[in-house]
Every structure is written in structure tokens, then in C-alpha cells.
Amino acid sequence: MAESPRGWGITPSTDIPTIAFGNQKGGTGKTTATINSAAALATRDHDVLAIDMDPQADMTKGLGLGPGDDNDPSSPKNELPNTLVTDDENLLDVLVDNPRTHDTSLSEIVIEADEYDHLNFDLIPSHKDMGLARDWMDDANARLSLKLALEEMVDDGYNYDFIVVDCPPDLSVLTDAAFIAAQNVFLAAQTQATSRDALDDLWDQLESIEDNQQIEIAIVGLLANMYRDDGQSKKFLNSFDESFASMAPIFKLPMRVAIQRAWDNGRDIFGWEDANDQQVEHDLFLEVAETMERAFDKTQVEA
Ligand SMILES: Nc1ncnc2c1ncn2[C@@H]1O[C@H](COP(=O)(O)OP(=O)(O)OP(=O)(O)O)[C@@H](O)[C@H]1O
Ligand SMILES: [Mg+2]
């Protein structure tokens with residue numbers, strides 16, 4: 001794997017820094033980190049595209065573009081359309097076709113930030129059809145599909161400062177496609193002993209992709225999520241530090257109620273005003289954004 005730190009970001013063929021948020025272990029904070037890193041980068045005036053590669057569609061739902069909230073008539077989500085159930089072309093159409101010959105391109109399905117007041121970055125939403133992706137994306141081209149589709153989107157005239165990709169909690173073809181397109185992985189893990197084993201499997205997967213595709217993949221950060229100042233968390237971080245601290249910076253995020261509440265209301269944390277103080281999570285994700293700027297040598301855009 002590409003050695004880090006400093007200069008650890010790898011710019012893929014689109015020339016746009018692209019980061020996949022991954023960990024095959026479920027519920028570690030991948031989607032939270034994707035949404036809020038995208039929002040922090042946007043707050044720092046970058047043009048950002050976020051791609052929801054997960055059939056669970058949590059990022060799309062977390063931005064309010066999934067189903068409304070039946071239990072809460074006042075939820076802002078109820079004002080927004082459910083993009084997961086449209087009959088229109090969707091991400092599965094883009095990924096299963098050979099992007100060189102297909103009919104559907106990412107530029108046809110992108111939701112642009114200026115379409116909705118609450119959206120601070122462009123979004124490629126997931127879709128209910130994405131549940132079929134693992135069955136349909138069964139040839140060698142499938143792993144390259146997102147990379148080729150992004151190249152085409154850039155050819156279509158789209159340009160971004162950063163692209164972030166939310167991966168499903170598995171090591172399926174969808175995750176491989178995200179890693180190959182991005183060539184940079186940001187890990188989200190909970191600081192428990194079992195997380196360490198999951199990361200070992202992930203390294204194996206990354207190394208196998210690097211060998212098969214003849215590319216390098218960099219680790220650009222680790223979110224140590226729901227961090228608690230206890231022995232178990234420290235033990236995990238020590239073991240991570242020993243092996244991987246030279247690779248990537250570690251960001252410690254404790255359990256924060258406002259993160260959950262922003263999510264429940266279909267907002268990122270920068271677009272959500274909570275009764276509780278949000279300084280900790282704002283500072284953390286702004287630091288993630290600054291780190292990405294440094295990794296890819298992109299300074300904050302002057303407003
Ligand atoms: N630091 C945090 N404080 C409070 N809630 C959090 C925090 N991190 C994540 N959550 C909540 O925990 C749940 C799981 O987080 P998230 O969906 O980001 O994990 P994930 O790794 O994307 O899950 P999956 O593997 O299912 O895709 C979400 O409801 C999210 O709002
Ligand atoms: Mg998720």
C-alpha cells in the first residue's frame with residue numbers, strides 16, 4: 001500500500017481527489033463520516049460530489065431524500081421527495097452497463113446542490129434497485145464501472161474539488177468499484193478489539209485490488225468513532241498506532257447526540273442547528289477537511 005504520511009493522497013485518473021469511506025464491519029460511522037466530511041469540505045468552499053454506493057441508501061436517507069418520517073409530521077424529510085423509488089434511470093443502470101457503451105451516465109442522475117436548499121454538495125443517490133447490484137455486476141468490467149463512469153462525467157463537463165464515496169458494509173464488487181475509482185480510503189472504525197480483525201481483512205482486500213489492478217491505494221485517515229476514554233478504546237488505538245499511524249492521521253469522535261439528530265432530520269451537521277453544542281463535531285470534520293486539503297495539496301478556496 002502507498003506509504004504515508006504527507007503527500008499520501010493519490011489523485012486518480014479523473015484528476016479529482018476521490019475518497020472512499022470504507023469498512024466491511026457494519027455501523028462504524030462510514031456514512032456519518034462521508035456526509036459530514038463532504039459538508040465540511042463544502043463549508044470550506046469546495047465543490048463536492050458525494051456518491052452513495054450502498055444499497056441500504058443511508059446517505060441518501062440521511063440527506064432527507066429517502067422516505068419521510070411517518071412518526072414525525074414536522075420532520076423536514078417529509079418536504080422532500082423519495083429519490084430511492086423513482087422509475088427513472090439510476091445508479092444501478094450506470095454501474096451494470098459498460099460505461100463506454102451504455103445509455104446512462106452519472107451526469108444524468110446527479111442531484112445538484114442548488115436543486116435543494118439544504119444540500120451543500122452534489123449527490124449521486126442510491127436507489128432501491130441497487131440491491132441487485134451484487135448479482136448483476138458479475139464481470140471483470142464491473143469493478144471498473146465507477147472509475148469509468150466518473151471519467152465520463154468529467155468529460156461531460158462536471159468538475160469537482162473532491163469526490164467522496166460511501167461504501168456498503170461489505171467487501172463486495174460495489175466496495176471494490178469504489179476503492180478502484182477512489183484509490184484513497186478513509187476508514188471508519190469503532191475502537192473495539194473486533195474492529196482490529198475487520199481492518200486486517202480490509203488490508204488483505206486492498207492489497208489484492210492493488211495487485212489485480214496494478215494500482216496503488218492510500219489510506220488517508222481513520223475515524224475512531226464513538227471513542228470513549230477507556231481502556232478498550234486506548235488499546236485499539238495503540239494497536240492501530242503501532243501498525244498504521246505512519247499511514248494516516250487518526251480522528252477521535254465521541255458519541256454525540258447532535259450527530260444522530262441531524263441525521264434523523266435529513267441534514268448534515270453544518271446544516272443543522274441543535275439544542276446541544278455542536279462544536280466538537282464541527283471542529284473534527286473541519287479538521288478532516290483540512291487534512292484532505294493538505295493530502296491532495298488543495299488549499300481552501302477563497303470566498
Ligand atoms: N459519533 C457518533 N455519535 C452519535 N451517533 C453516531 C455517531 N457516529 C454514528 N452515529 C450514528 O450511528 C448510526 C450508524 O452510523 P453510520 O450509519 O454512519 O455507520 P455505517 O458504518 O455507515 O453503517 P453501515 O455499515 O450500516 O453502512 C447512525 O444512526 C449514526 O447517526
Ligand atoms: Mg453506511
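Here's the yes/no breakdown for (1) more than 20 Å from GLN24 (Cα to Cα); (2) modelled with pLDDT of 95 or more; (3) surrounded by fewer than 20 Cβ atoms within 10 Å (Cβ to Cβ):
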site	(1), (2), (3)
LEU132	no, no, yes
ASP138	no, no, yes
ASN141	yes, no, yes
ALA182	no, yes, no
ASP197	no, no, yes
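Return only the number of the condition from (1) under 12 Å from the mean Cα position of the chain (by Cα); (2) within 10 Å of ligand 2 (Cβ to nearest atom) that THR28 does not satisfy.
Unmet condition: (1).
In region 156-176, which residue that is closer than 18 Å to PRO125 by Cα and within 16 Å of ligand 2 (Cβ to nearest atom) is most open to solvent (accessible area, probe 1.4 Å)?
PRO169
How many of the residues in region 183-223 are within 16 Å of ligand 1 (Cβ to nearest atom), of a type in the set (A, V, I, L, M, F, W, C) and in contact (Cβ under 8 Å) with a residue 60 or more places away in the chain?
Summing the residues that are within 16 Å of ligand 1 (Cβ to nearest atom), of a type in the set (A, V, I, L, M, F, W, C) and in contact (Cβ under 8 Å) with a residue 60 or more places away in the chain in region 183-223 gives 9.
Please go through region 11-40 and give me each residue that is of a type in the set (Val, Ile, Thr), open to solvent by 10 Å² or more (accessible area, probe 1.4 Å) and over 23 Å from VAL154 (Cβ atoms), ordered by number. So that I can check it myself, show each step before the final result.
In the first step, residues of region 11-40 are kept if they are of a type in the set (Val, Ile, Thr); the result is 11, 14, 16, 18-19, 28, 31-32, 34-35.
Adding the requirement that they be open to solvent by 10 Å² or more (accessible area, probe 1.4 Å) leaves 11, 14, 31-32.
Selection gives THR31, THR32.
If the requirement is being modelled with pLDDT of 90 or more, away from ligand 1 (no atom under 16 Å from the Cβ) and exposed (fewer than 14 other Cβ atoms within 10 Å of the Cβ), which of these qualifies: GLU79, GLU89?
Numbers: GLU89 fails: exposed (fewer than 14 other Cβ atoms within 10 Å of the Cβ).
Sole residue among the options that is modelled with pLDDT of 90 or more, away from ligand 1 (no atom under 16 Å from the Cβ) and exposed (fewer than 14 other Cβ atoms within 10 Å of the Cβ): GLU79.
Taking ALA20 and the conditions (1) more than 16 Å from ligand 2 (Cβ to nearest atom); (2) part of a strand (DSSP E or B), which numbered condition does it fall short on, given that it satisfies the others?
(1)
Conditions first: (1) within 16 Å of ligand 2 (Cβ to nearest atom); (2) out of contact with any Lys or Arg (no Cβ under 8 Å at 6 or more places or on another chain); (3) assigned to a loop (DSSP other than H, G, I, E, B). PRO73 passes all but one, so which condition is the exception?
The number of the failed condition is (1).
Considering (1) open to solvent by 30 Å² or more (accessible area, probe 1.4 Å); (2) under 26 Å from GLU151 (Cα atoms), say which one ASP117 fails and leave the rest.
Single failed check for ASP117: (2).
The values are calculated or read from the model by the stated rules, or taken from the named source; none is laboratory data. Note that the structure is a prediction, hence the values are computed from the model and not measured. Glycine gets a Cβ as well: all are built from the backbone with ideal geometry, and neighbour counts include every protein chain shown. What goes into the accessible areas is simple: the full protein's heavy atoms, side chains included, and nothing from ligands, DNA or RNA. Shrake-Rupley method; radii C 1.70, N 1.55, O 1.52, S 1.80 Å.
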